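**Q** Structure below; questions to follow.
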Amino acid sequence: MARERPTALLLDFDGVLRRWDPAVAAGVEREYGLSEGILGEIAMSWGLLRPVLTGKVSHAEWMTSVADALAPSLGSPERARAAVDEWQRYRGEVDRDVLDFVREARAAGVRVGLGTNATDVLDADIAALGLVDELDVIVNSSVIGVHKPAKEYFEAACEALETPPSRVLFVDDEARAVAGARVAGLSAHRWDGPGDLRYLRAALRTSPV
């Protein structure tokens with residue numbers, strides 16, 4: 001049986017609407033004599049990451065934990081904190097192709113939500129990137145207390161979008177999140193880059209193909 005046409009779009013933030021230049025972290029690591037990739041490796045370790053994604057600790061506390069883990073390698077807590085602070089000053093960049101797609105979708109009457117595993121600095125990041133007026137709904141895991149790919153996350157997102165799961169199209173660059181969305185009854189597409197936009201426009205019927 002054919003699925004219903006989506007009337008709402010739920011879009012991941014990091015890796016889809018926001019891009020990160022890996023050269024920034026690599027430059028900080030070189031400057032401080034750290035091994036390549038160590039900042040992300042520590043920060044993304046599940047023991048440190050899960051509490052901040054579910055709102056149990058703040059972004060600042062998370063970064064303090066990263067600095068504490070780095071301190072033995074750098075010889076002092078102060079130097080570790082300086083490295084983390086320098087790394088964190090960069091807040092990523094908007095993918096302009098994706099933003100254009102979001103604008104087209106909204107102009108066509110599609111409700112657009114940001115569905116992201118994020119921390120308590122998300123609102124500040126959205127403001128800094130000029131995205132405050134570009135989205136109808138923001139579903140932040142650290143606010144609702146549950147993260148993708150949990151079914152409860154997607155239930156909360158659909159409620160925020162005021163749209164049943166069968167009419168929501170979810171886009172994410174992580175396979176686990178895509179699988180979780182499908183379990184929750186959403187249509188879902190794994191993002192591989194701007195080349196996917198033609199398919200997504202067709203799925204939403206926001207432009208001819």
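**Q** Between a residue in the range 162-175 that is touching a residue at least 12 places away in the same chain (Cβ under 8 Å) and any residue that is among the aromatic types (F, W, Y), which pairs come within a Cβ distance under 6 Å, given they are 6 or more apart or on different chains?
**A** Close Cβ pairs (under 6 Å, with a partner that is among the aromatic types (F, W, Y)) amount to V171/W191; D173/W191.
**Q** Let me ask another. Report whether or not L129 is touching a residue at least 12 places away in the same chain (Cβ under 8 Å) and more than 26 Å from M44 (Cβ to Cβ). Spell out the reasoning first.
**A** Values: touching a residue at least 12 places away in the same chain (Cβ under 8 Å): yes; more than 26 Å from M44 (Cβ to Cβ): no.
Here the answer is no, as L129 does not meet what is asked.
**Q** Now for a separate question. Give all pairs with beta carbons closer than 6 Å in which a residue from the range 191-202 that is in a helix (DSSP H, G or I) meets a residue that is crowded, with 17+ Cβ neighbours inside 10 Å; count only pairs at least 6 apart in sequence or on separate chains.
**A** Hits for this filter: L197/F101.
**Q** Restricting attention to the range 24-41, does a residue exist that is within 30 Å of E162 (Cβ to Cβ), within 19 Å of the chain's Cα centre (by Cα) and surrounded by 13 or more Cβ atoms within 10 Å (Cβ to Cβ)? Quick ask: steps written out before the conclusion?
**A** Of the range 24-41, the ones within 30 Å of E162 (Cβ to Cβ) are none.
No; the residues of the range 24-41 include none that is within 30 Å of E162 (Cβ to Cβ), within 19 Å of the chain's Cα centre (by Cα) and surrounded by 13 or more Cβ atoms within 10 Å (Cβ to Cβ).
**Q** A further question follows. Which of the residues belonging to the range 169-209 are among the polar types (S, T, N, Q) and under 16 Å from L99 (Cα atoms)? Walk me through it before giving the result.
**A** First, pick out the residues of the range 169-209 that are among the polar types (S, T, N, Q): 187, 206-207.
Hits for the range 169-209 are T206, S207.
**Q** Can you tell me which residue is farthest from A108 (Cα to Cα) among those in the range 174-190 that are of a type outside the set (A, V, I, L, M) and outside any helix (DSSP H, G or I)? Break it down stepwise before answering.
**A** Just the residues of the range 174-190 that are of a type outside the set (A, V, I, L, M), to begin with: 174, 176, 180, 182, 185, 187, 189-190.
Subset that is outside any helix (DSSP H, G or I): 174, 185, 187, 189-190.
Details: E174: 27, G185: 23, S187: 19, H189: 20, R190: 23 Å.
Out of the qualifying residues, it is E174.
**Q** In the set D95, D12, which member is in contact with a Pro (Cβ under 8 Å, 6 or more places away or on another chain), under 30 Å from A203 (Cβ atoms) and modelled with pLDDT of 95 or more? Don't jump to the end; show me each part of the working.
**A** Values: D12 fails: in contact with a Pro (Cβ under 8 Å, 6 or more places away or on another chain).
Selected residue: D95, the only one of D95, D12 that is in contact with a Pro (Cβ under 8 Å, 6 or more places away or on another chain), under 30 Å from A203 (Cβ atoms) and modelled with pLDDT of 95 or more.
**Q** Can you name the number of the only condition in (1) closer than 28 Å to P194 by Cα; (2) among the hydroxyl-bearing types (S, T, Y); (3) within 18 Å of the chain's Cα centre (by Cα) that S45 fails?
**A** (1)
**Q** With the range 95-173 as the region, which strands (runs of 3 or more DSSP E) entirely inside it contain at least 1 residues that are within 14 Å of A188 (Cβ to Cβ) and either in the same structural domain as L48 (by TED's automatic domain parsing) or of a type outside the set (D, E, K, R) (or both)? Quick ask: steps written out before the conclusion?
**A** Values: elements: 111-116, 137-140, 168-172.
It comes to 111-116, 168-172.
**Q** From the list V146, V121, V139, which one is buried (at least 21 other Cβ atoms within 10 Å of the Cβ) and touching a residue at least 60 places away in the same chain (Cβ under 8 Å)? Lay out the reasoning, then the answer.
**A** Values: V146 fails: buried (at least 21 other Cβ atoms within 10 Å of the Cβ); V121 fails: buried (at least 21 other Cβ atoms within 10 Å of the Cβ).
It is V139.
**Q** Could we say that E159 is without any contact (Cβ under 8 Å) to a residue 60 or more places away in the chain and not hydrophobic (A, V, I, L, M, F, W, C) here?
**A** Details: without any contact (Cβ under 8 Å) to a residue 60 or more places away in the chain: yes; not hydrophobic (A, V, I, L, M, F, W, C): yes.
Considered against the rule, which asks whether it is without any contact (Cβ under 8 Å) to a residue 60 or more places away in the chain and not hydrophobic (A, V, I, L, M, F, W, C), E159 comes out as yes.
**Q** For the range 183-209: of the residues being over 14 Å from L11 (Cα atoms) and charged (D, E, K, R), which is surrounded by the most Cβ atoms within 10 Å (Cβ to Cβ)?
**A** R205
**Q** One residue is enough: does the range 116-124 have a residue meeting the conditions in contact with a Lys or Arg (Cβ under 6 Å, 6 or more places away or on another chain), of a type in the set (A, V, I, L, M) and modelled with pLDDT of 95 or more?
**A** As a first pass, look at the range 116-124 and keep what is in contact with a Lys or Arg (Cβ under 6 Å, 6 or more places away or on another chain): 117.
Checking the rest, the ones that are also of a type in the set (A, V, I, L, M) come to none.
No, there is no match, as no residue in the range 116-124 is in contact with a Lys or Arg (Cβ under 6 Å, 6 or more places away or on another chain), of a type in the set (A, V, I, L, M) and modelled with pLDDT of 95 or more.
The values are calculated or read from the model by the stated rules, or taken from the named source; none is laboratory data. Just so it is clear, the model here is predicted, and its values are computed rather than measured. Cβ atoms come from the backbone with ideal geometry, glycine included; neighbour counts cover every protein chain shown.
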